[in-house]
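The values are calculated or read from the model by the stated rules, or taken from the named source; none is laboratory data. Since the structure is predicted, the reported quantities are computational estimates derived from the model, not experimental observations. No Cβ is skipped: glycine too gets one built from the backbone with ideal geometry, and neighbour counts run over all protein chains shown. Note: accessible area is taken over every heavy atom of the protein model, side chains too, but ligands, DNA and RNA are not part of it. Shrake-Rupley method; radii C 1.70, N 1.55, O 1.52, S 1.80 Å.
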Amino acid sequence: MTQFRKIITSLTIGSLILVAPVMAASQTLVPKTAAELTATECSACHMAYQSGFLPIRSWKAIMADLPNHFGEDASLSEAARAEIESYLVATAADRNGRDPRWLRKIPQDVAPLRISELPWFRNEHGSRRLAQAKANPNIGSISNCAACHKGAERGNYGD
Ligand code: HEC
Ligand code: HEC
């Protein structure tokens with residue numbers, strides 16, 4: 001019993017020593033900082049759109065042309081650009097190598113740049129909704145998700 005406990009303890013300590021530096025390294029490399037950087041840099045002009053709304057190829061195309069971003073210059077340092085792209089790619093709609101059903105309707109060689117032009121989005125919102133968004137000065141654009149979806153920034157589009 002005591003011997004068994006000793007083995008467990010030494011295993012735990014041993015693996016902690018091994019794991020701690022790896023955890024520290026991975027935290028600075030990808031998940032947190034890249035997500036935070038994306039949330040900050042990509043919400044300067046509009047809300048930071050959730051990465052799961054577009055496939056990898058779209059994020060790559062967007063991140064490859066930031067100086068000509070929908071009529072704006074959204075340039076970043078190469079370091080920040082690359083880190084944000086890695087985050088968007090790692091969390092994109094087809095991150096698992098599988099296309100969700102809505103994505104299968106879009107040819108592989110087409111990289112849509114707008115969420116608001118995706119077929120599912122058009123079906124969900126309809127042309128009346130698009131016109132309404134444009135006409136209302138408090139909304140201005142259908143890309144202004146948060147004007148209609150109060151929880152948009154938290155990824156909540158249910159109301
Ligand atoms: C300098 C301002 C600016 C910054 C910074 C910016 N954007 Fe944009 N973005 C725009 C404008 C303007 C539009 C077009 C909005 C519209 O049509 O109403 C847009 C649209 C988009 C769209 C399409 C929205 C739709 O209609 O579906 C995506 C996706 C997008 N941006 C991603 C990003 C990402 C990713 C970043 C961070 C790397 C970023 N943006 C940073 C100005 C900016
Ligand atoms: C002009 C207001 C308006 C804007 C702007 C808008 N939406 Fe919507 N959206 C709606 C409405 C209303 C519905 C619900 C449609 C219905 O249930 O008939 C909806 C539905 C949705 C749904 C489906 C929700 C569900 O639970 O089925 C998603 C996801 C969504 N919108 C995402 C977005 C995103 C992303 C943007 C920005 C790129 C956006 N919307 C911009 C009004 C808007």
Matching residues, the range 109-131, being away from ligand 1 (no atom under 14 Å from the Cβ) and at pLDDT 95 or above:
Asp109, Val110
Taking first residues from the range 133-159 that are more than 17 Å from Arg122 (Cα to Cα) and open to solvent by 50 Å² or more (accessible area, probe 1.4 Å) and second residues anywhere that are assigned to a loop (DSSP other than H, G, I, E, B) and of a type in the set (A, V, I, L, M), the pairs with Cβ under 6 Å that are 6 or more apart or on different chains are Glu153/Met47
Could you say which residue among Ala64, Ala74, Ala80, Ala90 is open to solvent by 70 Å² or more (accessible area, probe 1.4 Å) and aliphatic (A, V, I, L, M)?
Ala64
Among the residues of the range 107-128, the number that are assigned to a helix (DSSP H, G or I) and surrounded by 12 or more Cβ atoms within 10 Å (Cβ to Cβ) is 7
Out of the residues in the range 95-106 that are of a type in the set (D, E, K, R) and outside any helix (DSSP H, G or I), which is most open to solvent (accessible area, probe 1.4 Å)?
Arg98
With the condition kept exactly as written, say whether any residue in the range 80-94 is away from ligand 1 (no atom under 12 Å from the Cβ), free of Cβ contacts under 8 Å to residues at least 40 places away in the same chain, part of a loop (DSSP other than H, G, I, E, B) and in the same structural domain as Met63 (by TED's automatic domain parsing).
yes
Which condition number in (1) assigned to a helix (DSSP H, G or I); (2) within 11 Å of ligand 1 (Cβ to nearest atom); (3) among the aliphatic types (A, V, I, L, M) is the one that Ala146 fails?
(2)
